[in-house]
1. What is the one condition in (1) more than 22 Å from the chain's Cα centre (by Cα); (2) more than 23 Å from B:Ile6 (Cα to Cα); (3) crowded, with 23+ Cβ neighbours inside 10 Å that B:Ser69 does not satisfy?
2. For the stretch A:48-62, enumerate the residues that are touching a strand residue (DSSP E or B) at 6+ places or on another chain (Cβ under 6 Å) and part of a loop (DSSP other than H, G, I, E, B).
3. Output the number of residues of the stretch B:173-185 satisfying the condition of being touching a Phe, Trp or Tyr at 6+ places or on another chain (Cβ under 8 Å) and in a helix (DSSP H, G or I).
4. Of (1) at pLDDT 85 or above; (2) over 21 Å from B:Ile238 (Cα atoms); (3) within 9 Å of chain A (Cβ to nearest Cβ), B:Ala313 satisfies all except one. Which?
5. How about the stretch A:64-156: which strands (runs of 3 or more DSSP E) wholly inside it have at least 3 residues that are surrounded by fewer than 24 Cβ atoms within 10 Å (Cβ to Cβ) and of a type outside the set (D, E, K, R)?
6. Taking the condition out of contact with any Cys (no Cβ under 9 Å at 6 or more places or on another chain) and closer than 30 Å to B:Ile210 by Cβ, does B:Val136 pass?
7. Give the residue that is farthest from A:Gly239 (Cα to Cα), with candidates limited to residues of the stretch A:273-309 that are within 14 Å of chain B (Cβ to nearest Cβ) and in a loop (DSSP other than H, G, I, E, B).
Amino acid sequence: MIEFNHKQQLASNAADQVLIKVVGLGGAGLNVIDRIVLDGAVPGADLVVMNTDVQSLTSSVASQKVQLGRGVTRGLGAGGDPELGLGAAEEAQEDIRKALEGAGLIFLCVGLGGGTGSGAAPLVTSLARENGALVVVIATMPFAFEGKRRSRQAEDALITLQATADAIICFENDVMGETVAPKAGIHQAFAAADETISQCVRAVSSIFIQPGMLHIGFDDLCSALRPAVGAGRCLFGYGEATGDNRAHEALARALRNPLMDRGRMLDESHNLLVNVAGGPDMTFHEVQTLMEALVKFTGEETQMFFGAAVDQTLAGRIGVTVISSAQMALPAAAAAPAQEFVPRVIPTPVPAPKVARHKPRPEPEIEPEAEPAAYAPEPGEEPATATVEEPEPILAAATAEAGEEEGQASFLGLAPAADAEPQTTPVRVPRAPRQPRILSSASDPTPLSPAAAAKREERQETLQFEPVTRGRFEKSEPTIVDGQDLDVPTFLRRNVKVS
Amino acid sequence: MARDHILVGLEIGTSKICVVVGDSKPDGSIKILGVGQAPSRGVRKGEIVDFDTAQKCVHEALVDAEEKSDVMIQSVYLGITGAHINSFNNRGMVAIPEEQEEITEAECDSVRSSAREVSIPSQNMFIHSILQHYYVDGQEGVLNPVGMLGHQLEADFHIIHGIGTRVKNAVRCVKEIPLEVEDVVFTPLAAAQVVLNQHQKNLGALAIDIGGGTTDYLMYVDGAVRQSGSLGIGGDHITNDISMGLRIPMARAEKLKIEEGSVTLGNCLPGETVTLKDDSGFAGKEVERETLNTVIHMRVRETFDLLKRQLEAGGDLHLLGAGIFITGGTSQLRGIDHLAQEIFELPVQVTHAQTMSGLTSAFENPQFSTAIGLIKYAQAVQMDRPSGWLSKFTQRIPLFGRRR
């Protein structure tokens, strides 16, 4: 016991030495930071926000604020133009450097696709690295409904970031929004996404801060985020639970996370990072059952990076973090049309984004060349069979039309990662209402309206239940024990939302 | 074959009414001749709420049993349950008269009545008083004091009592058929006779019978009944919870519970769904498996928690050497044994009637444990073995002769 406390102390000292800064860049980044502040997610970390838009900066609750592009944008936003965003960041270079000074680990939360985020992120990242900090970029890709242009800008930015950041955790808003009820407002969808990111920052930072009995290091994180081949995207889940069955519940919650919704994808992931944190009362048996349950989801080849940590603040609770990257298996259906489209794509001047869609996701420090090489044979072979079809004409002549077609082509053929969303979204929509828990727990950081909306929805549900609570036992003698009417479903009495 | 050897157990359950016809052999074995059953209506939580409907169902079940066993049923042992049934332990004491040295049967009887001299609610009646141990002049562990010398005879009894009118209602329901009721038996006592063997009773065992409307339990420690009772929660509640949680009709919920339900959480893929098959032509509804299991889990966990709390109040939970034996229709729920094990921290097994011959399908189904147990109980009572502890049950209640 004494020795244990000693360790604890040592570790907290170590944590003091490594200064963590969480940086929110651009509008989306700001929202995430606000959410992190509200959640109290990363205690002891400095929260920095950077934006071109003064208005949103002033409304942010972060302690440190950096205005970008005093002269270039004059306090307005970057207007969705990455060039402008980059210019603004260059102008504020000194301020940024100062804000990032002294940090050992920097989380850069950025929403890609817009002006400030996409434009300034690469510069901020390299400035941070110049200061000698490790940089973990937590990027969100725009929703599909935000338009193709934004997606393209986001992808371009992601490639650039790849070269500069130590690790990239990439979230796709589309996937995260899937769990939001179809009727929920767009702000709720964003709020759900922010919440997931906030959890992620907390989970990853606590992995580094907490003294682990089985410690997980930065290298493990990088490995877990690196897919075996080519395309991958981040699978992240965090769950926390109390009570007798907390191990199971925590895991269930982690897997219920929007990005884990396809828990099946764990099966395909090659590297899996699992961190189990709990109070001093966490038992070995719990960890064991939890891991056994988790292993059921993974494939035989999966490499596990397992970490366990005791965190005094988690007394009575268990938290499970699951991070992995899933390789997007090329579905047979998608592979076939690929042959038609690939040749058309090859001669175009934009092969880079295409490949980028594959590899960018959560690839930390792989040299960008490695992946294209892996894909080289594929395009190389195809031209032999059907090179001359109609490559340039389409793109050159009918740019507008081709732009769209090309987008589809790449979706179908090369970028299953991006492809998955548009295709599956409609299918998944009916499933969404099953997860209102995430929705309702998302007490929104940004505007007032979503919070109000969520509240209104909750109240309605309770009202609906009121008159029928005893169901078939309506007319029989109630079974009352300790003042509880046991004929009322347990989940109602315990306020657990099930449907 | 003499008619005396035919024993019939009748259980009016919440989900089904079950009649088991058995043939008691002189060597003590029982052969199951036939099982009749009918879905139950008008019964809630083990108690009759709609007299006429319930009576019809009992009649149906009897006819079914008569057909299957080819026996004219004239009298039955009736199983009763319900949350109104309570129990406690009490010690009775009589002084042996000076001029008499040996203890006789008369003293054994009077010690039993002295044990009953306790206050129970005025509306309640005694259902069983089950002997635990005799003490002769303070000497413990006397099995049969008859013939022993002593001045003072004491005995511990486990006394089971319930609301008189409710017990009588059940009896009247059967008597109006008309059918003789030989005795009423608290159902877990019957079930325990067939799911536990003597060895397990000696080691200490808890029989839990989770039926449609009630969860009944009976605990043996040192071969004697130590605790018993009934909780008004059963499989019906689970079905009701599912029906309300998933917004589906009761019938559908029941089917879903039986076919897909499990109490184990975290055992299915996230987002894994169960499609409700619909024969009426409506589009099948999809239900997330985890949701279904969560609803079931919460109810079953709560039930066990409650049960544990009740048993802990008696303070004998650590005396269960053989563990816990779960039976009854709801015991077929997947994973229920693991959950019980987790909660009670004792070995748990799901079990059914043992040591019977005849219709295998009948006694291997935990749904019939109670009805078969009634026969076993009846046999023990009728054989009236002087050395058997069961013979001490035979305090008949002289209340059932009345007819409206």
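1. (2)
2. Those that are touching a strand residue (DSSP E or B) at 6+ places or on another chain (Cβ under 6 Å) and part of a loop (DSSP other than H, G, I, E, B): A:Ser60, A:Ala62.
3. Quick first cut of the stretch B:173-185, residues touching a Phe, Trp or Tyr at 6+ places or on another chain (Cβ under 8 Å) only: B:173, B:175, B:181-185.
Remaining after also requiring in a helix (DSSP H, G or I): B:173, B:175.
Qualifying residue count for the region: 2.
4. (3)
5. Details: elements: A:64-67, A:105-111, A:134-141.
Strands (runs of 3 or more DSSP E) meeting the threshold: A:64-67.
6. Numbers: out of contact with any Cys (no Cβ under 9 Å at 6 or more places or on another chain): yes; closer than 30 Å to B:Ile210 by Cβ: no.
No.
7. Once the filter is applied, the top-ranked residue is A:Gly299.
Residue by residue, here is whether (1) of a type in the set (A, V, I, L, M, F, W, C); (2) within 14 Å of A:Val48 (Cβ to Cβ); (3) under 19 Å from the mean Cα position of the chain (by Cα); (4) modelled with pLDDT under 75 holds:
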site	(1), (2), (3), (4)
A:Leu84	yes, no, no, no
A:Gly87	no, no, no, no
A:Arg97	no, yes, no, no
A:Gly102	no, yes, no, no
A:Gly119	no, no, no, no
A:Leu123	yes, no, no, no
A:Gly185	no, no, no, yes
A:Asp194	no, no, yes, no
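The values are calculated or read from the model by the stated rules, or taken from the named source; none is laboratory data. Since the model is a prediction, treat every value here as computed from it, not as a measurement. So basically every Cβ, Gly included, is an ideal-geometry build from the backbone, and we count neighbours across all protein chains shown.
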